[in-house]
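Reviewing the structure listed below.
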Amino acid sequence: MINEPIIRIGIIMYQINALNPKDEGHQARKRFGQNFLHDQRVIAKIVRSVNPRAGDNIVEIGPGLAALTSPLIGECDALTVVELDRDLAAGLPGRVPHPERLTIVEADALKYDFTQLFQEGRPLRVVGNLPYNISTPLLFHLLEFGDKVKDMHFMLQKEVVDRITAQPNTKEYGRLSVMIQYYCKPTFLFEVPPGSFNPPPKVTSAVFRLEPYEMKPIIAKNEKALARLVGHVFTQRRKTLRNSLKGMLAEDGFEKAGVDPMARPETLSLADFVALSDQMVS
């Protein structure tokens, strides 16, 4: 195995496997949205944010050339990775310092049943430099297993992370903000420049944390109705709620929800959206 540099941050030392895909004989595949992280300081910062511990049930999505896998596996006694690219999956044991700790699942994370990895008393801690071309559907797929997940640390394009963490009355606030914040507490952690990847993407990236609620602070009567309402009003951002929700709410729905019918969707809180969805006619 290539001698990997060791990065020291504070008193923690991580073994970093920061490789160039071409030197490794791997051609980045556009259809898989592959951009390989190679910036050692960024890698160490992500691992420090995750703060892996012995006994943690850590799952990495899209390990690629093991840039994150290598330092993570050194900090925990077992690591499961989900990799779609069979060539990359085959090369992983030779790229990590403790291959006996590694379990490789060759699967499409978008279709994978993550309950298979859950163990009683050991909720999942999910990590990944996600393929940007499938990031939104993958996040919603993972939220289906929210009750089995302790936290998630992901890197995505900064524009998407800004939308996930946005507050009302901002241009970034929309469907993604409302629906992710219904299920999780999101935290923006730090930005990552394009030069940290090979090949470099055309956008700035960011790392963020999602912590699914054990008990949601606000609960909708019908979560599918909430998703439908939120998706609908944000496709018509410029319309007032009265116009965009015509025929969708009970007659006195706005009054019962305590929401101004002349408001626009980006001004509403999560609680407002839940109150409106509870007034929807089926």
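The values are calculated or read from the model by the stated rules, or taken from the named source; none is laboratory data. Bear in mind that the values here come from a model prediction, so they are computed numbers and not experimental data. Backbone-built Cβ (ideal geometry, glycine too); neighbour counts: all protein chains shown.
General remarks:
- Test: residue in segment 100-108 that is touching a strand residue (DSSP E or B) at 6+ places or on another chain (Cβ under 6 Å) and modelled with pLDDT under 95: no
- Hey, ALA271 surrounded by fewer than 18 Cβ atoms within 10 Å (Cβ to Cβ) and closer than 19 Å to GLN181 by Cβ or not: yes
- Criterion applied to PRO201, PRO193 was being in contact with a Pro (Cβ under 6 Å, 6 or more places away or on another chain) and either within 22 Å of ALA66 (Cβ to Cβ) or in the same structural domain as VAL233 (by TED's automatic domain parsing) (or both), and the one residue passing it is PRO201.
- Residue count for segment 75-90, restricted to those that are surrounded by 16 or more Cβ atoms within 10 Å (Cβ to Cβ), charged (D, E, K, R) and outside any helix (DSSP H, G or I): 2
Yes/no matrix, rows are residues, columns are (1) within 16 Å of ILE43 (Cα to Cα); (2) assigned to a loop (DSSP other than H, G, I, E, B); (3) touching a Leu at 6+ places or on another chain (Cβ under 6 Å); (4) touching a residue at least 40 places away in the same chain (Cβ under 8 Å):
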residue: SER135; (1), (2), (3), (4): no, no, yes, no
residue: ASP147; (1), (2), (3), (4): no, no, no, yes
residue: ASP151; (1), (2), (3), (4): no, no, no, yes
residue: LYS171; (1), (2), (3), (4): no, yes, no, yes
residue: MET179; (1), (2), (3), (4): no, no, no, yes
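- The sole residue among ALA206, ALA225 that is of a type outside the set (Val, Ile, Thr) and within 15 Å of the chain's Cα centre (by Cα) is ALA206.
- Pair list, Cβ < 6 Å and 6+ apart or interchain, from segment 26-50 residues that are surrounded by fewer than 18 Cβ atoms within 10 Å (Cβ to Cβ) and at pLDDT below 90 to residues that are polar (S, T, N, Q) and not in a helix (DSSP H, G or I): ALA28/GLN34
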